[in-house]
Structures are given as C-alpha cells and as structure tokens.
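Remarks on the structure that follows.
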Amino acid sequence: MFLKALRCEAKVVPKAMMNLGLLYNTRGNFLAQTGDLDGAKSASVDAAKYLDEAKHLLDSLASSGNLDSDLKTYFERYRPLRLQAHRLAGQLSAGTGDLESSEAEFRLATKNFPEESLSWQMLSRVLEMQGKNEEAAQALSRAKSLAT
Amino acid sequence: MNVNSITVIVAVLAGCQATLGGTAEPKVDDPLSNDLKLHFWSRGAFDLENGIAVQDFLRLGPVSQVRQASLNHLMAPDCDVNGYCSLRGGSLATEDARIEELGFKLGPEFLEAIERNKMEHQEDCKQSCELFYCADQSQPLIAFDELLRETEIKSYSMGSVPPEDFADSFGFPLDIIKVTEKHPLFSAEEVADVITNALAEGVDQNEFQSGKYQLAGDWLENLPKTREWFNSRLESTLFPLLAHLFPEVISSPSVIRAHSVSLLKYNSSHPRTDVHIDNGVLAMTLAMTPKHEYVGGGTFFEHMGLDNILEMDVGHGTFRPGSVRHGGNRVHSGTRFVLGAFLLLEDRVEHVRRLKNRGSELRRAQDLDGAVKHFKWALAMNPKCTTCLKDWAEILHRQGKFTEAEEMIVQALNLLEYKDSDALFSLGVVLSELGRDSESIEAYERSIALNAEDAELCYNLGVKFGEQGNTQNEMKMYAKATKANPLFGGAWLNWGTSLAEGGNLDDVRFRRRTVFDDSFLRLDSSFLRFMLTG
C-alpha cells in the first residue's frame with residue numbers, strides 16, 4: 001500500500017516514505033529478535049534509505065514553503081525515527097561482530113544528530129566494546145552534557 | 001545465529017534504551033487541502049457528460065403532456081405570425097420588476113452587479129454567434145411532428161428544485177429532462193462521418209480535467225468540420241426542437257445561443273466525469289457512438305439514483321436544464337463519443353447563475369466578503385438556489401463557523417430532499433469538525449449511497465471509521481477509494497497504515513505488533529467539496 005502511495009501525488013510521497021521507513025525498521029527489529037540478522041539488516045538498510053529519501057523531499061518542500069501542518073508532523077517524526085534506524089543498524093552490525101560498521105553507523109548518527117544525546121550514547125557504547133576507552137569516555141561525556 | 005551475536009545485541013540494546021519521539025496525530029487545515037477544496041469548486045474545462053438514453057425506465061414515466069396541459073391551463077398561448085407560441089410562466093416584465101424591487105432593498109451595488117450580468121450575457125451571446133449558428137427571427141417554425149417524425153420524447157423529473165434561473169417559469173412537476181427515443185435524431189451513418197472528421201481533426205489528441213477525472217476531447221471551436229456539421233444541425237433540428245421542448249423559457253429558436261460546445265471521448269482510461277452541473281440555463285448532449293461499441297457509459301442523474309443510469313444510443317439526444325446534477329457514467333471498455341453544449345437565451349439573462357458564479361470567483365480570489373454578498377444577492381433572487389447555499393456554507397466552514405455552515409447545508413439538503421452527494425459530503429465534514437462523529441459517518445454513508453464512486457468521500461469515511469477503531473470498515477472504504485481513483489495516495493497510505501497497525505506488515509511472518517512505541521502516521525480527512533460551479 002505504501003509503495004502504491006509512492007506513485008501518487010507528490011505531497012503523499014514523503015509521507016509514504018516515512019511510513020515505509022517505519023515499516024522496515026519495525027520489520028528489522030522483529031527479525032533481529034527472532035534471530036534473522038541478515039533479514040534484519042536488509043530491512044534496516046531499506047528503512048534508512050526510505051527515511052533519508054523522505055527527509056530529502058521534506059527538506060525540498062520546506063525550502064519551497066510548502067510544508068503544511070500535516071507535513072510538519074512528519075518532519076517532527078523524522079528525527080526519532082531516523083535515530084531508531086541508526087540504532088538498529090548499529091546494533092545489527094555489532095550483533096554480527098562487525099564492530100567497525102557499528103561504530104561507523106553510530107558516528108553517522110552523531111553527524112546527523114550531533115545535538116542528540118542518544119547518538120553519542122550509542123557511539124560511546126560501541127567504542128567501549130572495542131576497547132577504545134578514551135574515545136568512549138569523550139562520547140559519553142558529550143552524551144551526558146547534551147542530556148542535561 | 002550464535003549466542004555471542006545475541007549477547008552483543010542485547011548488550012547494545014541495553015546500553016541504548018531511550019524514549020524516542022512523540023506520537024502526535026496529524027491534523028490538517030493546510031494550504032494543500034485548501035487547494036484541493038478550491039479545485040473542487042472549479043469546474044473542469046469539460047463538464048459535459050456522457051450521452052443519455054432512454055431504455056425502459058419505470059420509475060419516472062413520461063408526463064410531459066400533463067405539464068403542457070397544465071401550462072396551457074395557466075397561460076393562454078400567445079402565437080406569433082411564424083407560429084411560435086409562448087408558454088412562458090415568469091415573464092420578463094415580472095423579473096424586471098423583481099430586480100427593481102430588490103434594487104431598493106439591496107442597494108446600488110446589487111444593481112451594478114445586475115448590469116454587469118447583462119453586459120457579460122450580451123458578450124457571451126455575441127461570441128456564440130461568431131462560432132455557432134444563430135437563427136434569424138424570421139425563420140419559420142418547423143412543426144413539432146415534422147421535426148420529430150418517428151422520434152419520441154420521454155420526459156424525466158429533474159428532482160425537487162427548479163432551475164436556478166427563471167424558476168417561476170418552470171411549472172411542477174419538473175419533468176424537464178427530455179430524452180429522445182425510438183427513432184434517433186441523426187442516423188448512425190451521419191454521426192459516424194462526423195466522428196471520422198473529428199478524428200481527422202485530432203479530437204482525441206487533447207486532454208482535459210473534469211473535476212477529478214481526465215477526459216479526452218476538444219472544443220468545437222478547434223474542430224471546424226465538426227462545428228460545421230453541428231451548426232447545420234442547430235439550424236435544422238436542435239434549435240427548433242429546443243424551442244418546442246422548452247416553451248416556458250424559449251420564445252423562439254432565434255434566441256438560443258450555444259456555447260462551450262465540445263466533443264468528448266470516453267474510454268477505460270478516461271472513463272467518467274464528476275457529478276456536476278452545467279453552465280447554462282439549458283444544456284444538451286448528443287450520443288455519437290453506437291451502444292454496441294462500448295460497455296458502461298450513460299448518464300448518472302444523482303436524484304434518480306445509482307440504479308437508473310440513462311443510456312442513449314447513437315444519434316439520440318438529451319435536453320435539460322443546466323442545473324441538474326449529473327455525471328458521465330463510467331465506460332469500462334470500448335470508446336464512446338458524446339457531444340455536449342451549454343445553451344444561453346439571448347433575451348433572458350441568468351442573473352442567479354451569474355451572481356453565484358461571480359461569488360465563486362471572488363471566493364477563489366480570497367474575497368470572502370464579496371463572495372458572500374453575491375451569494376446573498378443570488379439567494380434574494382432565488383431563495384431555492386441550493387448551489388448558492390452550498391457555496392456560502394463552504395465559506396462559513398473555512399471561517400470556522402461550523403454551526404452556521406451546518407445550518408446552511410441542511411437548508412440546501414432539505415430543498416434537495418437529501419439527494420445531493422456533495423452536500424451530504426460537506427455535511428459530513430462539518431459534523432466531523434463539530435465532533436459529531438456518528439452523525440458525520442451517517443452523512444457520509446448517505447452520500448455514498450448516492451455516489452459510491454467518489455474517492456474522496458470513501459476516503460473521508462474511511463478516516464472516520466479509523467478514528468472509531470473500526471478498521472474493517474476503514475479498510476473497505478480505502479479499498480473503494482483506491483478503486484475509484486488508483487492514484488489516491490492518501491487512501492493507499494492510510495490503508496497501509498491500518499494494515500501495519502494491525503500487525504500485517506505485508507508478510508505472514510510479521511503478524512504481531514512490535515515493541516516500538518511508534519504510531520504510523522495517517523493523513524487526516526480534509527477534503528471539502530460542496531459544489532462544482534462555473
């Protein structure tokens with residue numbers, strides 16, 4: 001249904017993409033919990049793809065002054081949803097032992113959302129797991145300062 | 001998956017638990033929906049319709065003789081030397097006196113608007129004669145029998161509300177939808193030649209928007225050969241016939257003016273029109289394709305109901321007041337051509353329609369006060385102008401005056417005996433705004449009973465069902481909406497949302513709800529449509 005909505009009027013497209021992002025993120029989370037890490041990872045990649053495309057479209061609409069109250073709601077939902085997608089992707093990489101990819105994902109999260117405590121918190125955690133204690137401490141410190 | 005993997009995931013999950021995001025429900029009162037609203041107010045370039053035919057309808061029998069008798073009883077025919085007999089009920093003198101009286105009440109601005117109507121009317125009539133046949137007053141009248149020969153005329157009621165203009169002229173019963181039957185007005189061969197010429201002139205290379213639907217076709221001003229045929233038939237057949245069919249308002253064929261004449265092409269990709277009214281006191285439709293060449297089609301008259309689609313075979317015609325709500329019924333396969341025309345009367349200015357249309361234009365230009373003023377004036381001239389009431393109600397809705405809007409829509413619906421899907425739709429929207437959800441749903445359901453193929457209506461009803469947690473009915477409505485309009489993104493989106501919320505993530509492996517505190521974001525119902533106006 002969401003895929004069909006992508007072929008419809010322009011203002012619906014970012015909304016459908018956001019819901020697809022949520023859908024794939026939900027699916028990825030479920031698959032991870034059932035042990036299907038490959039499936040979860042694939043879903044996680046799709047989630048990130050749709051969310052990023054949605055953000056791009058939302059930004060375009062915002063810059064052209066076409067961000068109505070409905071779209072604003074979607075705009076507001078982007079941040080928490082994208083953070084979840086980062087978290088899931090990083091977790092899955094870590095889960096498969098690919099801590100480098102996990103670190104890269106969480107670094108991307110801090111780049112996308114530098115003011116978000118959770119981004120630094122996640123990065124700190126994966127750095128700590130790799131024994132990068134000094135960097136982990138710095139990231140944690142940043143997370144704490146943002147949380148207060 | 002190995003144990004270490006699970007351990008790492010759990011560790012990361014444990015380290016990163018955080019509460020994310022709110023779940024605010026979207027609420028729409030936005031420029032997009034306003035645009036959509038305005039879009040609905042704007043008639044498509046082609047508001048003409050499919051052909052009509054007569055078939056064996058039992059619900060409305062031919063009663064034209066009764067009406068004629070009644071008119072004769074009321075007014076002695078006044079026949080001139082050419083044989084034209086006036087049976088008009090509302091005289092021009094009466095109308096002038098009425099306008100003068102209203103001028104005292106409503107002031108000079110009203111009278112200025114009336115003068116503007118007259119000027120615009122004159123200009124429209126002049127332009128008509130530049131493109132289309134205009135009869136000479138000295139042309140002798142063709143006798144009705146000679147004109148029709150073996151063709152018969154069947155009359156249908158136009159519903160409970162008389163035409164917006166010259167309402168006093170049309171007596172009850174309002175059996176003034178006239179449809180030819182038995183022998184056609186034009187032979188199939190003659191019409192086939194017309195279509196061949198029109199195709200050579202590129203009639204099917206053009207596309208227009210009619211409300212929500214795309215139509216193929218073109219104006220006759222762009223199709224010179226087709227226009228030539230049409231003009232010859234205006235002279236020999238159509239104008240004389242119209243004068244016979246509507247003696248209440250047509251004093252002679254010489255006063256009839258055709259405008260907005262188009263040849264429309266329906267097929268499965270351009271299947272139908274919205275339900276609408278036509279921009280002229282009278283309108284006509286000619287069927288230009290044999291019935292066996294397409295499936296579906298015909299004309300849907302809203303007050304007659306979904307089960308009474310009027311079909312019309314090639315060469316037949318329908319002649320009716322422009323204010324009858326109707327739409328081209330869906331063509332499922334094959335191709336169907338229909339020629340449609342709106343008609344003006346040179347000696348009678350349609351003040352109500354023109355005031356109302358100007359009000360609609362002012363509303364589109366965001367001059368709401370000016371718009372309301374014009375609707376008031378139109379209603380002063382004809383208190384039964386239901387489109388005026390509906391248009392005014394739309395403004396009240398936009399101003400947040402929902403109770404007043406409701407009152408106005410109900411007033412219109414009472415006049416229309418609740419047989420107006422757009423007004424019921426609007427009532428549903430307004431009641432929803434007032435928080436009266438069950439009444440809103442009832443209004444939407446009544447609207448759907450009249451026009452089940454209305455995508456926005458099905459969508460809005462789906463949203464209401466969704467709000468009530470009735471997901472089964474909600475999804476049924478989205479299914480209907482997307483069937484009516486496969487490109488209705490909002491319906492697809494909400495349908496998907498409803499499925500996802502129910503745990504159906506397009507895969508049997510994902511039947512249960514997940515742990516995330518997320519709500520799929522829905523579109524809100526925001527479409528508002530009252531009337532297609534000129």
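Taking the options B:Arg363, B:Arg348, name whichever one is within 30 Å of B:Tyr133 (Cβ to Cβ) and not hydrophobic (A, V, I, L, M, F, W, C). Steps first, answer last, please.
Working: B:Arg363 fails: within 30 Å of B:Tyr133 (Cβ to Cβ).
Going through B:Arg363, B:Arg348 in turn, just one is within 30 Å of B:Tyr133 (Cβ to Cβ) and not hydrophobic (A, V, I, L, M, F, W, C): B:Arg348.
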Among all residue pairs at least 6 apart or on different chains, which show Cβ distances below 7 Å where the first residue, located in the stretch B:159-178, is farther than 17 Å from B:Val352 by Cβ and the second is part of a helix (DSSP H, G or I) and among the hydroxyl-bearing types (Ser, Thr, Tyr)? B:Gly171/B:Ser70; B:Asp175/B:Ser64
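From the list B:Lys154, B:Lys182, B:Lys212, pick out the single residue that is basic (Lys, Arg) and within 14 Å of B:His244 (Cα to Cα).
Answer to the selection: B:Lys154.
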For the stretch A:1-104, list the helices (runs of 4 or more DSSP H) that sit wholly inside it and hold at least 3 residues that are within 7 Å of chain B (Cβ to nearest Cβ); which are they? A:2-5, A:13-34, A:69-95
So which of B:Ala380, B:Ala423 is touching a residue at least 40 places away in the same chain (Cβ under 8 Å), more than 22 Å from the chain's Cα centre (by Cα), crowded, with 17+ Cβ neighbours inside 10 Å and not assigned by TED's automatic domain parsing to the domain that holds B:Glu311? B:Ala380
Checking the condition of a type outside the set (A, V, I, L, M), surrounded by fewer than 17 Cβ atoms within 10 Å (Cβ to Cβ) and not in a helix (DSSP H, G or I), which residue from B:Phe172, B:Phe186 passes? B:Phe172
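Tally time: how many residues in the stretch A:129-148 are within 14 Å of chain B (Cβ to nearest Cβ) and buried (at least 17 other Cβ atoms within 10 Å of the Cβ)? Spell out how you get there, then give the answer.
From the stretch A:129-148, those within 14 Å of chain B (Cβ to nearest Cβ) are A:129-130, A:136, A:139-140, A:143-144, A:146-147; that's our starting set.
Filter once more, so that each one left must be buried (at least 17 other Cβ atoms within 10 Å of the Cβ): A:129, A:136, A:139-140, A:143.
Total satisfying the criteria: 5.
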Is it fair to say A:Ala109 is assigned to a helix (DSSP H, G or I), among the small types (Gly, Ala, Ser), out of contact with any Cys (no Cβ under 7 Å at 6 or more places or on another chain) and at the interface with chain B (Cβ under 7 Å from one of its Cβ atoms)? no
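Residue by residue, here is whether (1) modelled with pLDDT under 85; (2) surrounded by fewer than 21 Cβ atoms within 10 Å (Cβ to Cβ); (3) outside any helix (DSSP H, G or I) holds:
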| residue | (1), (2), (3) |
| --- | --- |
| B:Ser447 | no, no, no |
| B:Ala491 | no, no, no |
| B:Ala500 | yes, no, no |
| B:Asp506 | yes, yes, yes |
| B:Val515 | yes, yes, yes |
| B:Ser525 | yes, no, yes |
| B:Arg529 | yes, no, yes |
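Is it fair to say A:Tyr24 is more than 22 Å from A:Glu116 (Cα to Cα) and surrounded by 20 or more Cβ atoms within 10 Å (Cβ to Cβ)? If you could, list the steps in order and put the result at the bottom.
On the way: more than 22 Å from A:Glu116 (Cα to Cα): yes; surrounded by 20 or more Cβ atoms within 10 Å (Cβ to Cβ): yes.
Yes; evaluated as a whole, the condition is true for this residue.
In the stretch B:407-417, is there at least one residue being in contact with a Lys or Arg (Cβ under 7 Å, 6 or more places away or on another chain), among the hydrophobic types (A, V, I, L, M, F, W, C), touching a residue at least 12 places away in the same chain (Cβ under 8 Å) and crowded, with 24+ Cβ neighbours inside 10 Å?
First pass over the stretch B:407-417, keeping only residues in contact with a Lys or Arg (Cβ under 7 Å, 6 or more places away or on another chain): B:409, B:412, B:415.
Checking which are among the hydrophobic types (A, V, I, L, M, F, W, C) leaves us with B:409, B:412, B:415.
Still in the list and also touching a residue at least 12 places away in the same chain (Cβ under 8 Å): B:409, B:412, B:415.
Next, only the ones that are crowded, with 24+ Cβ neighbours inside 10 Å stay: B:409, B:412.
Yes - at least one qualifying residue is present in the stretch B:407-417.
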So is B:Gly328 crowded, with 20+ Cβ neighbours inside 10 Å, in contact with an Asp or Glu (Cβ under 8 Å, 6 or more places away or on another chain) and not assigned by TED's automatic domain parsing to the domain that holds B:Ser262 or not? no
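Yes or no, residue by residue, for (1) crowded, with 22+ Cβ neighbours inside 10 Å; (2) of a type in the set (A, V, I, L, M, F, W, C); (3) at pLDDT 85 or above:
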{"site": "A:Asp59", "(1), (2), (3)": "no, no, yes"}
{"site": "A:Asn66", "(1), (2), (3)": "no, no, no"}
{"site": "A:Lys72", "(1), (2), (3)": "no, no, no"}
{"site": "A:Arg125", "(1), (2), (3)": "yes, no, yes"}
Sole residue being at pLDDT 90 or above and out of contact with any Pro (no Cβ under 9 Å at 6 or more places or on another chain), chosen from B:Pro140, B:Pro184: B:Pro184
Scanning the stretch B:404-436 residue by residue, those acidic (Asp, Glu) and in a helix (DSSP H, G or I) turn out to be B:Glu404, B:Glu406, B:Glu407, B:Asp422, B:Glu433
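Does B:Asp193 satisfy the condition of being without any contact (Cβ under 8 Å) to a residue 60 or more places away in the chain, assigned to a helix (DSSP H, G or I) and not assigned by TED's automatic domain parsing to the domain that holds B:Asp454? Full working, then the answer.
Details: without any contact (Cβ under 8 Å) to a residue 60 or more places away in the chain: yes; assigned to a helix (DSSP H, G or I): yes; not assigned by TED's automatic domain parsing to the domain that holds B:Asp454: yes.
When the stated conditions are applied, B:Asp193 passes them.
Can you tell me which residues in the stretch B:105-130 are within 27 Å of the chain's Cα centre (by Cα) and either buried (at least 17 other Cβ atoms within 10 Å of the Cβ) or not assigned by TED's automatic domain parsing to the domain that holds B:Ser236 (or both)?
Hits for the stretch B:105-130 are B:Ala113, B:Ile114, B:Asn117, B:His121, B:Asp124, B:Cys125, B:Ser128.
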Residues of the stretch B:481-499 being hydroxyl-bearing (Ser, Thr, Tyr) and more than 8 Å from every other protein chain (Cβ to nearest Cβ), in sequence order, are B:Ser498
Check whether at least one residue in the stretch B:283-296 is under 14 Å from the mean Cα position of the chain (by Cα), assigned by TED's automatic domain parsing to the domain that holds B:Gln209 and under 30 Å from B:Gln122 (Cβ atoms), and report yes or no. yes
How many residues are free of Cβ contacts under 8 Å to residues at least 24 places away in the same chain, under 14 Å from the mean Cα position of the chain (by Cα) and part of a helix (DSSP H, G or I) if we restrict to the stretch A:112-148? 1
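The values are calculated or read from the model by the stated rules, or taken from the named source; none is laboratory data. All values derive from a computational prediction rather than experimental measurement. For neighbour counting, all protein chains shown are included, and Cβ atoms are generated from backbone atoms with ideal geometry for every residue, glycine included.
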